[in-house]
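Here is the structure we will look at, set down as structure tokens.
The values are calculated or read from the model by the stated rules, or taken from the named source; none is laboratory data. From a predicted model like this one, the values you see are computed outputs, not experimental measurements. Because the Cβ atoms are built from the backbone with ideal geometry, glycine has one as well, and the counts that use them run over all protein chains shown.
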Amino acid sequence: MSNFFVALAVFVITVVGALFAVPYFIDWNGYRGVFEEEATRLLGREVRVGGAVNLHLLPTPYFRFEKVRIADAFVNLEEPFFRADSLTVKLTVPPLFRGAVEANEIEFQRPVLRLAMDDKGSWNWQSFGSALTNAAYLPSNVALTSLRITDGTVALHGTDGAERTSIVGLNAELSSPALDGPYRFRGTFGKGAAEQELRIATARPESDGAVRFKASLRAMDA
């Protein structure tokens with residue numbers, strides 16, 4: 001019996017050592033096309049990764065994509081719907097053994113989100129809800145501990161594609177125990193005397209799709 005435990009210990013040590021070593025010897029950039037293809041099929045719009053792709057399994061599983069671009073379905077919008085200098089996702093290990101996916105931390109570096117409405121009154125982000133709902137292989141139990149945004153921009157465009165207004169210098173954090181909420185958001189935007197703080201807390205969606213929320217906005221120097 002002691003020989004069994006010794007063999008088991010050697011096996012575990014070998015596997016753990018491989019998990020530490022493999023990510024450094026595999027060129028994950030060779031799988032960039034696979035990531036882009038799957039993400040494009042899932043979201044229903046073109047996804048491109050223009051930079052490096054990195055994956056580490058231990059001590060904390062995380063992956064990072066650099067120069068991420070998501071195309072827009074709005075014909076008059078010349079810029080991508082979303083872009084970011086980098087996207088990093090860190091996963092919590094214990095929930096994975098329960099069949100749950102908990103993102104311990106997601107970080108967007110310098111993201112730019114462009115929202116636009118067409119002449120029929122539909123927004124360019126609305127198709128994402130149906131795309132994620134119809135995805136058969138997404139985990140049903142997903143928790144988001146922290147989604148951080150560093151130096152982000154949110155731009156609002158008109159039906160002609162021209163930018164109407166924007167929020168710049170956005171530094172914020174979003175959290176939710178499930179994909180359908182409730183959500184908590186806290187962040188600041190603007191610089192200097194124009195810096196403001198925004199807080200939003202939502203409830204879960206009602207049966208008719210309505211969402212109750214409360215929000216506060218204040219000047220940081222007040």
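The table below lists the values:
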item	result
Residue tally, condition under 22 Å from Glu78 (Cα atoms) and at pLDDT 80 or above, over segment 125-150	0
Scan of segment 181-214 for residues that are farther than 20 Å from Thr165 by Cα and aliphatic (A, V, I, L, M), ordered by number	Ile200, Ala201, Ala203, Ala210, Val211
Members of segment 166-213 found to be loosely packed, with under 13 Cβ neighbours inside 10 Å and on the phi > 0 side of the Ramachandran plot, listed by number	Gly192, Gly209
Odd one out for Gly161 among (1) touching a Pro at 6+ places or on another chain (Cβ under 8 Å); (2) small (Gly, Ala, Ser); (3) in contact (Cβ under 8 Å) with a residue 40 or more places away in the chain; (4) at positive phi	(1)
Where Phe63 falls short, out of the listed (1) touching a Ser or Thr at 6+ places or on another chain (Cβ under 9 Å); (2) at pLDDT 90 or above; (3) of a type in the set (Phe, Trp, Tyr)	(2)
Condition check for Asp160: at pLDDT below 85, more than 30 Å from Glu78 (Cβ to Cβ), part of a loop (DSSP other than H, G, I, E, B) and out of contact with any Lys or Arg (no Cβ under 6 Å at 6 or more places or on another chain)	no
Complete set of residues in segment 105-129 that are part of a loop (DSSP other than H, G, I, E, B) and either in contact (Cβ under 8 Å) with a residue 12 or more places away in the chain or surrounded by 15 or more Cβ atoms within 10 Å (Cβ to Cβ) (or both)	Arg110, Pro111, Asp118, Asp119, Asn124, Trp125
Test: Asp221 is loosely packed, with under 14 Cβ neighbours inside 10 Å, modelled with pLDDT under 85 and closer than 30 Å to Lys120 by Cβ	no
